[in-house]
Amino acid sequence: MTAVRSGNWTVVAAATSARFTVRDLGFKRVTGTIPVRGGSVQGTDVRAELDLAGLDTGHPKRDADLRKPGLLDSAARPVLRFRGTAADAGRVDGALELRGTTCPVTLAVHPAPDDRPEAPHLIATGVLDRAPLRMRVPRFVIGRHVEITVDVRLVPG
């Protein structure tokens with residue numbers, strides 16, 4: 001986040017998307033989305049909540065399997081939380097909280113082409129190592145590293 005963006009901002013959930021890509025069975029790439037419930041940027045403090053019940057890979061059986069207790073456990077813990085600190089103009093260091101566990105992740109942040117100081121539009125990307133989340137699935141079935149892209153729109157607040 002640049003100095004232009006210092007201050008307090010609210011995530012526009014309806015205009016923000018979270019996408020992921022992970023290898024499936026070692027060679028196929030699976031992509032999906034998780035709806036963003038909301039979030040905020042207060043100075044350098046960055047927070048967001050995502051709705052795991054809305055996870056969508058375009059394959060209903062896969063989505064149901066991902067929601068099971070051994071994986072995302074979305075019935076018991078429907079919210080994925082991100083908390084981080086904007087370290088500099090292009091990086092947010094933080095952690096995802098999922099299944100009662102936190103997992104570190106660093107996001108590279110850059111302005112989208114239509115970014116404006118009064119209505120920031122940012123793209124954040126990173127790679128999550130899912131090993132600390134203790135999901136009970138072999139790595140050859142679901143890859144260990146998950147690519148994340150969040151397309152964020154902010155408003156003052």
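The values are calculated or read from the model by the stated rules, or taken from the named source; none is laboratory data. Predicted, not measured: the structure shown is a model, and the values here were computed from it. Don't worry about glycine lacking a Cβ; one is built from the backbone with ideal geometry, like all the others, and counts go over all protein chains shown. Note: areas computed on protein heavy atoms with side chains; ligands, DNA, RNA excluded. Shrake-Rupley method; radii C 1.70, N 1.55, O 1.52, S 1.80 Å.
Things to note:
- Cα coordinate range in region 1-88, projected on the principal axes (Å, largest first): 44, 30, 22
- For the chain, the carbon plus sulfur part of the accessible surface works out to 58%, probe radius 1.4 Å.
- Rounded to the nearest 20, the Cβ-based charge dipole of region 52-94 about its Cα centre (Lys and Arg +1, Asp and Glu -1) stands at 140 debye.
- Modelled this way, with points 7 Å down the Cα-to-C-beta line, the labels at Thr21 and Ala64 are 2.9 nm from one another.
- 25 °C / 0.890 mPa s Stokes-Einstein diffusion coefficient of the chain, Kirkwood radius on C-alpha pairs, µm²/s: 154 µm²/s
- Between Val12 and Arg153, Leu154, Val155, the built amide H atoms are under 5 Å apart, and every one of these is 5 or more places off in sequence or on another chain.
- Using Cβ point charges alone (K and R +1, D and E -1), the dipole size of the chain about the Cα centre works out to roughly 700 debye.
- Furthest towards positive pole of dipole, Gly90, Ala76, Val109, structure part region 52-157, Cβ charges: Ala76
- Applying 1/(1 + (r/R0)^6) with R0 = 22 Å to the Cβ-Cβ distance of Arg47 and His110 gives a FRET efficiency near 0.65.
- Computed packing ranks the peptides 97-110, 51-64 as 97-110, 51-64, most packed first, by mean other Cβ atoms within 10 Å.
- Per residue, in Å², the accessible surface of the chain once ligands and nucleic acids are set aside, probe 1.4 Å: 52 Å²
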